[in-house]
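For reference, the structure is listed below as structure tokens.
The values are calculated or read from the model by the stated rules, or taken from the named source; none is laboratory data. Computed from a predicted structure; not experimentally measured. Here the Cβ positions follow ideal geometry from the backbone for every residue, glycine too, while neighbour counts run over all protein chains shown. We work out accessible area using only protein heavy atoms, side chains counted, and drop any ligands, DNA or RNA first. Shrake-Rupley method; radii C 1.70, N 1.55, O 1.52, S 1.80 Å.
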Amino acid sequence: MGMEEDIKKLVDHGMDVVLFDRKFRNMSTDVVMVNNEGGTHSAVKHLVERGYKNIAFVALALGKPEKEERIMGFKDAMSDYGLDSYIFPLPFKPHYQEYVEKIRDIIEANKHLDAIIFGTNYLGISGLEAIRNLELKIPDDLAIVSFDDHDLFRIHNPAITVIAQPIEEISQTVINTLLERLQNVEKQKAKKTITLSTSLIIRESTRIKK
């Protein structure tokens, strides 16, 4: 909430602001986003095609969970395939170990799950620790996908399938959009939202279900 208030003050003082990764209601700014709904939808499609049916989504929910785009994409995809949605929205926690414990509790209480999609890379990393603590095997016991890539996912054994964001393209788009405003090229134009595509990087954590 503090960040939103700080940005609003900048906007109210006539500053040019470009947001990325998140937009705020009732605030007129340029925004650079990724297709969050499409990203989670592609992950569900990939898992279903590989034989997984009991898929959970563990996501950070800062506001209303039902309004979070990644959660919405997951729910829509599960509905498209006629499958039940298992959604576990987690509030922000100051220590990652709290996420590890919460995810461990979720897995222990839902032994029917055969796959989990994590809504951020730090939730995914916490999930890997929770799975290791439970002595479960990936993907034999649980297939794993994480939103956002991370070096750990690439070198982990097995390597983790991810929904990757185009980081360089996001950065360049933010810079170009801001420069256009500062140079008065688009000073009077309506604020815009630019949506970039994610990509699914398939690795060993989502092998075809035996």
Selection from region 39-69 of residues modelled with pLDDT under 95, of a type in the set (Gly, Ala, Ser), crowded, with 18+ Cβ neighbours inside 10 Å and not in a strand (DSSP E or B) yields 61
task = Scan region 148-167 and give yes if some residue there is buried (at least 19 other Cβ atoms within 10 Å of the Cβ) and more than 20 Å from residue 39 (Cβ to Cβ), otherwise no.
result = no
| request: Check region 112-125 and report whether any residue there is surrounded by fewer than 20 Cβ atoms within 10 Å (Cβ to Cβ), touching a Gly at 6+ places or on another chain (Cβ under 9 Å) and closer than 22 Å to residue 20 by Cα. | output: no
Looking across region 70-102 at residues that are touching a Ser or Thr at 6+ places or on another chain (Cβ under 6 Å) and either within 11 Å of residue 57 (Cα to Cα) or surrounded by fewer than 18 Cβ atoms within 10 Å (Cβ to Cβ) (or both), the single one that is modelled with the lowest pLDDT is 96
A careful count of residues in region 154-173 that are of a type in the set (Val, Ile, Thr) and part of a loop (DSSP other than H, G, I, E, B) gives 1
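Residue by residue through region 126-147, note down the ones that are in contact (Cβ under 8 Å) with a residue 40 or more places away in the chain, of a type in the set (Val, Ile, Thr) and open to solvent by less than 10 Å² (accessible area, probe 1.4 Å). Walk me through how you get there before you give the answer.
Going residue by residue through region 126-147, those that are in contact (Cβ under 8 Å) with a residue 40 or more places away in the chain are 127, 138-140, 143-145, 147.
Retained after the next criterion (residues that are of a type in the set (Val, Ile, Thr)): 138, 144-145.
Selection gives 144, 145.
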